[in-house]
Amino acid sequence: MPDPVAVIASATPDPIARKVRGLSDRAIAWLFVAPTIFLLLAINIFPLIWTVRLSFTNYRANRPNEEVEWVGLRNYIRILTDDGIWANMQTTAHFLFWTLFFQVLLGFTLAWLINRKFKGNDLLTTLIVLPMMLSPAVVGNFWTFLYQPQIGLVNYMVELLTGTPASSFSMLGAGGYAKWSIIIVDTWMWTPFVMLICLAGLRSIPDYIYEAAEIDRASKWRQFWTITIPMVLPFLMLAVLFRGIENFKMFDMVVLLTGGGPGNETLLASIDLKREAFEKWRTGYSSAYAIILFVTVFGLASIYVKALNKVKER
Amino acid sequence: MTRFLSGLLRLRRGPWELLATVLIGLGVFMLMQPFALALYTWSFLVTLAGTVMFIIVSHFPE
């Protein structure tokens with residue numbers, strides 16, 4: 001029976017076989033990596049460079065045949081002196097800070113509780129993790145129903161507990177609750193993610209460290225602050241990095257819940273950017289807006305990765 | 001402080017990275033603070049300077 005490798009090799013046309021045989025290991029390695037590099041350049045690097053270029057022009061994507069004018073730093077100056085965009089940045093900061101605060105606090109607490117051995121532990125973990133498996137569109141839609149003033153469960157519960165009539169206030173309407181409503185939904189959805197990462201951290205701590213601490217008569221409180229927290233910290237920081245970047249560009253869920261309203265109360269920078277780019281079609285202006293957000297996230301991520309490496313070295 | 005300044009002069013990574021980190025942090029704070037529009041206006045420049053500096057100085061020797 002003929003050797004299958006030899007059969008396949010003989011099927012390669014002679015000129016190609018000669019060329020491949022003459023390649024060095026390095027060249028073959030480049031040959032394998034080249035498609036990935038090409039895709040990276042085409043999908044990530046080229047659009048980034050193109051966006052930077054567009055940010056210095058008055059280009060509008062809905063008028064492709066119009067002459068494009070080079071406007072220099074005008075787009076950047078207009079964005080960075082705009083009161084409205086400044087307010088959007090503050091709304092984004094408020095959303096980012098409180099979602100991270102609650103998600104880390106609740107996520108770590110849940111992980112710490114789940115990490116104990118008890119009956120039904122696995123089932124409980126699965127149930128807690130369910131919200132993060134849902135699509136943000138679904139979450140946005142069903143929380144809209146939950147927040148309904150007339151038929152919503154949230155208003156009904158508030159009426160039950162405080163006596164305030166359910167239809168007298170709207171969680172997503174005017175009254176100052178909208179900002180907190182989106183924070184509640186994001187926290188509900190993404191706390192399980194932080195919990196899972198913290199749980200991985202907690203389970204990676206070997207038991208003998210706690211046993212040694214017990215022998216040294218360290219209290220539970222001291223064990224928590226000198227063993228648990230330092231060893232979970234890299235995991236926690238990773239969770240904050242992921243959630244921070246994700247929440248900085250939060251879009252879908254907030255659009256479905258409030259659409260940026262009432263007024264501009266929940267208008268995050270990402271939603272405003274989308275409006276400028278695809279509703280007002282100010283492509284050059286929105287490119288400058290996108291670059292400002294990109295540099296901010298990139299800078300923060302750089303600091304964070306450095307801090308993470310330092311914590312891991314300890 | 002003397003060690004920090006000498007690290008800056010001898011182009012060492014540690015102090016330069018610290019400086020870049022402070023600039024980025026300051027820039028992000030300026031971008032999102034609710035106190036003064038002037039700070040917001042200059043925030044991007046500060047963040048950009050910090051980020052570019054961070055990329056460059058991360059190639060400096062330890």
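Computed per residue of the protein assembly as shown from DSSP H runs no shorter than four, each worth -39500 (n - 2.57), the mean residue ellipticity at 222 nm is -23000 deg cm²/dmol.
Ignoring aspartates and glutamates fewer than eight residues from residue A:274 along the same chain, the ones with Cα atoms less than 13 angstrom from its Cα are A:252. For residue A:280, a cut-off of 24 angstrom between C-alpha atoms picks up these lysines, skipping any fewer than 8 places away in its own chain: A:249. The distance linking region A:103-147 with region B:18-57 is 36 Å (Cα centroid to Cα centroid, whole angstrom). Translational diffusion coefficient of chain A (Stokes-Einstein, Kirkwood radius from Cα pairs, 25 °C, 0.890 mPa s): 101 µm²/s.
For region A:119-169, the spherically averaged projection of the C-alpha convex hull amounts to 4.9 nm².
For residue A:57, the residues 5 or more places off, or on other chains, whose built amide H falls under 5 Å of its own are A:71.
Counts of other chain beta carbons within 10 angstrom of each beta carbon in peptide B:24-33 average 5. Kindly give Rg over Rh for region A:211-295, based on alpha-carbon atoms, with the Kirkwood expression for the hydrodynamic radius. Using only Cα positions, Rg/Rh for region A:211-295 is 1.34. For GluC sites (Glu not before Pro), the sites in region A:214-314 that DSSP calls loop and that have at most 13 other Cβ atoms within 10 Å are A:279. Binning the alpha carbon pair distances of region A:73-166 at 10 angstrom intervals from zero yields the distribution 12, 20, 32, 23, 9, 3, 0, expressed in whole percent.
Only Lys, Arg, Asp and Glu carry charge here, each on its Cβ (+1 for the first two, -1 for the last two); on that basis region A:108-243 has a dipole of about 120 debye about its Cα centre.
Note on region B:2-57: Cα-Cα pairs beyond 18 Å make up 39% of the total pair count.
Within the same chain, aspartates and glutamates fewer than 8 places from residue A:117 are excluded, and of the rest, those with a Cα less than 14 Å from its Cα are A:207.
In region A:83-313, if the dipole is taken from +1 on Lys/Arg beta carbons and -1 on Asp/Glu beta carbons about the Cα centre, which of A:254, A:92, A:239 is farthest to the positive end? Most positive-ward Cα: A:239.
Bear in mind these aren't lab numbers, they're just calculated from the coordinates by the rules spelled out. The structure presented is a predicted model; accordingly, all values stated were derived computationally and were not measured. A quick note on method: Cβ atoms are made from the backbone with ideal geometry, for glycine too, and the neighbour counts reach across all protein chains shown.
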